[in-house]
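The values are calculated or read from the model by the stated rules, or taken from the named source; none is laboratory data. Predicted, not measured: the structure shown is a model, and the values here were computed from it. Glycine also receives a Cβ, built like all others from the backbone with ideal geometry; neighbour counts cover every protein chain displayed. Calculation scope for accessible area: heavy atoms of the full protein, side chains included, ligands and nucleic acids excluded. Shrake-Rupley method; radii C 1.70, N 1.55, O 1.52, S 1.80 Å.
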Amino acid sequence: MSAELDGIRVLIVTSNTGVERDELLLPRDQLRALGAHVTHAAVEEIDVHTFRHDLIPSEPVRPDMALSDIDPGTFDVVVIPGGTVNADKLRTNGPARELVRSLIAADRPIAAICHGPWLLVDAEVVKGKTLTSYPSLRTDLINAGAMWVDEPVVRSDAEGWTLITSRKPDDLPDFVDAIAAEFSVRTS
């Protein structure tokens, strides 16, 4: 196991259904392989139903804890996977929106992929940011005051906090690399 991210505490936040399988499991496993301590929190501490391409059911994943049990001060970065249903449920979840705001206030980076930025729209934190997402979110993000671009990964430091975004599962290698690079910069 690599120690590149040794000591970095990553929080992955999901709802309990509609999570894009690869956007949950690949960052979790790859960041762990780099030495990060990764915790998966879901709205409830029950199995999370994952899907491939929003439509094909995949294996359930047991979260490590419930969203209500999170102490935001114990994490260095939050990762928000996509999945249309997952993101739609998270965006209407008050504790998820508050978690995002508290992490930003604590100068913690946020990384969101695919439909994950929907949570950021409803947390009202994307104004002035440049980001990417699944293309169907473009109008929502622009209407919320963000600048949307079609690139595999985008890092934005505008508005005093760091946001890393990607478009879709095909971008996962770039997404995970950008998260890892964020901490190699911060720790060097």
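Among the residues of segment 122-137, are any open to solvent by 50 Å² or more (accessible area, probe 1.4 Å), in a strand (DSSP E or B) and at pLDDT 95 or above? No: zero hits.
Screening residue 182 with (1) farther than 25 Å from residue 66 by Cβ; (2) among the charged types (D, E, K, R); (3) open to solvent by less than 70 Å² (accessible area, probe 1.4 Å); (4) at pLDDT 95 or above gives one miss only, at (4).
Of all residues in segment 34-59, those satisfying the criterion of being surrounded by fewer than 20 Cβ atoms within 10 Å (Cβ to Cβ) and under 18 Å from residue 169 (Cα atoms) are 51, 52, 53, 54, 55, 56, 57, 58, 59.
Among 9, 28, 32, which is free of Cβ contacts under 8 Å to residues at least 60 places away in the same chain, touching a His at 6+ places or on another chain (Cβ under 7 Å) and within 17 Å of residue 111 (Cβ to Cβ)? Steps first, please.
Values: 9 fails: free of Cβ contacts under 8 Å to residues at least 60 places away in the same chain; 32 fails: touching a His at 6+ places or on another chain (Cβ under 7 Å).
Only one candidate qualifies: 28.
Annotation: of all residues in segment 79-113 being open to solvent by 10 Å² or more (accessible area, probe 1.4 Å) and in a loop (DSSP other than H, G, I, E, B), the one that is nearest to residue 184 (Cα to Cα) is 108. Of all residues in segment 149-172, at least one satisfies being in contact with a Gly (Cβ under 7 Å, 6 or more places away or on another chain), farther than 19 Å from residue 82 by Cβ and either aromatic (Phe, Trp, Tyr) or not in a loop (DSSP other than H, G, I, E, B) (or both).
Among the residues of segment 1-33, those that are aliphatic (A, V, I, L, M), modelled with pLDDT under 95 and either in a helix (DSSP H, G or I) or surrounded by fewer than 24 Cβ atoms within 10 Å (Cβ to Cβ) (or both) comprise 1, 3.
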